[in-house]
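*Asks:* Submitted below is the structure of interest, expressed as structure tokens.
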Amino acid sequence: MKSRSRRLVALFATMAMTASLLAGCGGGDTPAATTDNAATTDDAAATDDAATTDDAAATDDAAATDDTAAADNTGAAADTNSTPRNETLYFAGQQWGTINDWNPFSTNSNNPMCVQQKDSSRTLIYETMFMFNMLDGQLYPLLATEWSWNDDAMTGMTVKLNPDAHWSDGTPLTANDVAYTWDCNVKYESSLGLDFSNYIAAITAVDDATVNIECKLDDAGNPANPLKVQQLLQQMYVMQKAYLETVEGRNNSDKEAMKLDKMDDLVASGPYLPFFDDDQKIVFIRDENYWGQAASMWGKLPAPKYIAHVIYADNNAGQIAMEAGDVDVAQQFTTDVQKLWEEKNLPITTYIDEPPYGECATMPTCFMNVEKPGLDQVEVRKAIAMATDFDQIIASAMSNQSPTFTQVPRSTMNPTAGEQAMYDHDAVKDLQFAGNDIDGANALLDEAGIVDTDGDGIREYNGTPLSFKAECPDGWTDWMASLEIVASSAKKIGIDIQTFFPDTNTFYDDITTGNFEICMNSPSGSSITNPWGRCMQFMSSQYADLAVNWSGNWSKYRNDEADEIMAKIPLETDEAKLKEYYTRLNEIYLTDVPSFALMYRPELFYIVNESVWTGYPMKDDGSNIPPTDCTDGYGIAALYNLTLVE
């Protein structure tokens with residue numbers, strides 16, 4: 001196990017080779033989580049003496065300081081391709097090509113550093129009402145301070161906005177902006193609008209600081225899905241009404257034209273604005289007038305003046321740059337990551353000091369098509385799962401960057417503490433399997449009468465050999481290695497599994513149309529809708545009936561009781577009852593085994609180099625900031641705690 005002091009030894013060694021950098025913005029309090037009814041930004045205290053990096057001295061290594069000093073927040077500069085190293089936080093693994101636009105309605109932005117609306121939305125430029133924290137499953141205030149249901153039936157929601165919030169042009173951010181953003185998402189059929197309009201009837205402004213969200217109701221008068229309404233709070237970017245009207249005007253409110261508009265003249269509310277981009281690099285610059293420096297929010301500006309991402313050719317190029325100190329934060333899988341500090345003595349660290357090194361939140365899973373003969377038998381499915389050598393998968397394919405299934409027994413829950421507490425572990429203890437149980441799998445098949453009758457080493461069911469094809473995309477080496485281990489393990493129990501690695505487009509065509517026997521895919525990770533959403537992805541017959549299925553339950557599994565329970569969960573608020581529901585869902589899932597997880601995996605990989613910046617979130621550091629790369633959801637709080645290495 002490495003320690004903080006051990007990392008500092010490597011850090012001091014690196015410092016001897018670098019110029020001295022002056023300290024930037026220090027740490028400070030960050031907003032507390034909000035509940036249904038509580039406003040909780042009071043603890044985000046302002047610190048009068050919290051210096052920003054504006055005045056940090058440029059070093060000899062930081063070229064073009066004089067040029068970049070002339071830059072303003074509109075993005076004009078003499079030389080925007082170079083920024084002072086001691087003012088710039090460099091990333092790798094998030095941006096893989098030239099950006100197309102800055103448009104949240106677009107389906108082809110290729111601009112994830114700016115536009116990435118998900119459960120933990122990336123809020124460097126555009127902002128959401130709340131930030132999701134994967135560590136505790138809570139929503140934290142951003143543009144809004146609190147939310148509450150309008151009634152016990154959860155037919156509507158009231159959201160209170162932070163009155164300090166304003167746009168980059170200095171005008172106030174109001175409830176009219178929120179309402180108009182929603183209307184445009186629906187009107188122009190953005191991906192977000194198409195999804196959430198199934199659950200939300202309308203969003204209206206009650207007054208400048210109050211938003212009302214009206215839920216869609218079913219025939220019985222119940223809201224369609226309160227969990228999805230909550231999800232919108234952390235996912236939808238709020239955009240300025242006046243700016244949207246300008247974009248509508250130049251596009252004649254044409255739906256397709258609105259989605260293609262580059263929006264490079266954007267007005268946003270976030271801490272950064274576009275500064276420079278080409279086919280080699282993208283750079284954001286801090287908005288010195290950012291509203292979040294108010295005492296009601298962060299109380300100061302983020303430490304880095306610039307956010308930059310070089311567009312690397314591949315993971316290897318990004319890793320080389322990270323090892324050289326040219327990258328500060330890397331969202332990349334690195335095999336045997338511990339060798340970077342244990343053998344190379346680099347000032348590089350991960351969120352956790354020891355395996356699995358990251359906060360695992362998703363579960364790449366082996367889905368078995370239950371409509372295929374042989375796989376329609378639960379004994380066959382469970383025998384394949386029992387025989388699979390999961391420890392080998394974790395050790396080789398994941399280089400131990402996953403807890404084992406002995407450490408975190410399998411369920412529909414990810415391995416975070418919040419989700420693990422939501423079901424009764426003892427109730428499903430007898431249904432667990434940790435893998436590599438060849439004797440148990442053989443006994444299960446023998447007892448079911450599924451045996452090898454012709455002596456060729458392959459068992460038959462109804463006279464047909466148990467022979468299946470397992471697939472995942474070519475080039476996804478850790479997944480490919482995992483399926484090879486599944487196949488090798490199955491051979492030991494008389495089941496023939498041949499691996500098949502098509503190109504990515506073919507794979508997704510196969511999985512979405514059900515044209516497969518066994519495949520590997522990942523359900524969703526951390527979300528305000530989970531574990532309900534993930535249970536849906538594992539078991540909902542709603543997805544099994546789709547002609548083209550991108551949503552989940554690729555096994556095509558059907559269970560009426562599971563469907564009934566999953567329909568109740570979004571309407572239930574009693575924690576004891578929810579635990580009862582989730583426990584029963586796990587009993588069903590582990591009994592019928594329509595699919596089984598092969599590993600736990602971080603939702604985002606998180607590796608940091610502390611040769612320039614330090615103060616990154618680490619597990620058990622007391623910050624409660626998640627390892628979402630200083631950019632996503634509540635992870636952006638990290639930017640306010642960074643300091644320069646002295």
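Every number here is computed from the coordinates shown, using simple stated rules; none is lab data. These numbers were taken from a predicted model, which means no experiment stands behind them. We place every Cβ from the backbone using ideal geometry, glycine too, and count neighbours over all the protein chains shown.
*Asks:* Would you please give the residues with an amide H less than 5 Å from that of Met131, counting only those at least 5 places away or on a separate chain, with H modeled from the backbone geometry?
*Replies:* Tyr140, Leu142
*Asks:* Same structure, new question: Note down the net charge around Asn198, summing +1 for each Lys or Arg and -1 for each Asp or Glu among other residues with Cβ under 9 Å from its Cβ.
*Replies:* Within the 9 Å Cβ shell, the charges total +1.
*Asks:* P(r) for the range 360-602: what percent of alpha-carbon pairs falls in each 5 Å bin, starting at zero?
*Replies:* For the range 360-602, the binned pair fractions read 1, 7, 14, 19, 20, 18, 12, 6, 2, 1, 0, 0 percent.
*Asks:* Can you tell me the 0 to 90 degree angle between the C-alpha axis of helix 575-592 and the longest principal axis of the chain, rounded to 10?
*Replies:* Between the helix axis and the principal axis of the chain, the angle is about 50 degrees.
*Asks:* If you average over every viewing direction, what projected area does the convex hull of the Cα atoms of the range 579-646 give, in nm²?
*Replies:* 7.0 nm²
*Asks:* Also, I was wondering about something else. Which far-off residues, 5 or more places away or on another chain, put their amide H under 5 Å from the one on His425, with H placed in the peptide plane?
*Replies:* Under 5 Å from the amide H of His425: no residue qualifies.
*Asks:* Further question: Mind pulling up the Rg/Rh value for the range 497-640? Radius of gyration and Kirkwood radius, both on Cα.
*Replies:* 1.05
*Asks:* Using the count of nearby Cβ atoms within 10 Å as a rough guide to exposure, how do Thr573, Thr388 rank from fewest to most?
*Replies:* So the residues, fewest neighbours to most, are Thr573, Thr388.
*Asks:* Can you divide the C-alpha Rg of the chain by 2.2 N^0.38 Å and report the result to two decimal places?
*Replies:* 0.99
*Asks:* On to the next question. Read phi for every residue in the range 484-501 and hand back ³J(HN,Hα) as whole Hz from Karplus 6.51 cos²θ - 1.76 cosθ + 1.60, θ = phi - 60°, with x for Gly and Pro.
*Replies:* Ordered by residue, 3J(HN,Hα) equals 4, 6, 4, 5, 5, 5, 5, 4, 6, 10, x, 10, 8, 10, 9, 7, 9, 10 Hz.
*Asks:* Go through the range 452-460 residue by residue and turn each phi into a ³J(HN,Hα) via Karplus (6.51, -1.76, 1.60, θ = phi - 60°); whole Hz please, and just put x for glycine and proline.
*Replies:* Those phi angles translate into 8, 8, 10, x, 8, x, 10, 5, 10 Hz.
*Asks:* Hey, what do the phi angles of the range 145-158 turn into as Karplus ³J(HN,Hα) couplings, whole Hz, using 6.51/-1.76/1.60 and θ = phi - 60°, x for Gly and Pro?
*Replies:* Each residue of the range 145-158 in turn: 9, 7, 9, 7, 6, 6, 7, 5, 7, 6, 7, x, 9, 10 Hz.
*Asks:* Ranking Ile99, Ile636 by Cβ neighbours within 10 Å, fewest first, what do you get?
*Replies:* In increasing order of surrounding Cβ atoms, one gets Ile99, Ile636.
*Asks:* Mind jotting down the distance between the C-alpha centroids of the range 389-436 and the range 551-579, whole Å?
*Replies:* 21 Å
*Asks:* Return, for the Cα atoms of the range 130-241, the radius of gyration and Dmax in Å, separated by a comma.
*Replies:* Expressed in Å, the Cα Rg and Dmax of the range 130-241 come to 13.7, 46.
*Asks:* With runs of 4+ DSSP H residues as the only contributors, calculate the mean residue ellipticity of the chain at 222 nm using -39,500 (n - 2.57) per run, divided by the residue total and rounded to the nearest 500.
*Replies:* -7000 deg cm²/dmol
*Asks:* Over the range 130-241, calculate the relative contact order: mean separation of alpha carbon pairs under 8 Å at least 6 apart, over the residue count, as a percent.
*Replies:* 26 percent
*Asks:* Once amide H atoms are built 1.01 Å from N in the peptide plane, which residues 5 or more positions from Gln498, or in another chain, come under 5 Å H to H?
*Replies:* Phe468, Lys469, Ala470
*Asks:* A follow-up question, please. Please give the helix 504-513 orientation as an angle from the longest Cα principal axis of the chain, in degrees from 0 to 90, rounded to the nearest 10.
*Replies:* Helix 504-513 sits at roughly 60 degrees to that axis.
*Asks:* Normalised by the residues of the chain, what does the relative contact order come to in percent, with Cα pairs under 8 Å and at least six apart?
*Replies:* In percent, rounded to a whole number, it is 19.
*Asks:* Measure nothing fancy, just the Cα-based angle from helix 175-187's long axis to the longest principal axis of the chain, in degrees from 0 to 90, nearest 10.
*Replies:* 50 degrees
*Asks:* So, one more: In terms of Cα to Cα distance under 17 Å, which aspartates and glutamates are near enough to Lys339, apart from those fewer than 8 places away along the same chain?
*Replies:* Within the straight-line limit of under 17 Å, Lys339 reaches these aspartates and glutamates: Glu323, Asp353, Glu354, Glu610.
*Asks:* While we're looking at this one, here's another question. Do any of Lys216/Lys300; Lys228/Lys281; Lys429/Lys492 go past 31 Å between their Cα atoms, and which?
*Replies:* Lys216/Lys300; Lys228/Lys281
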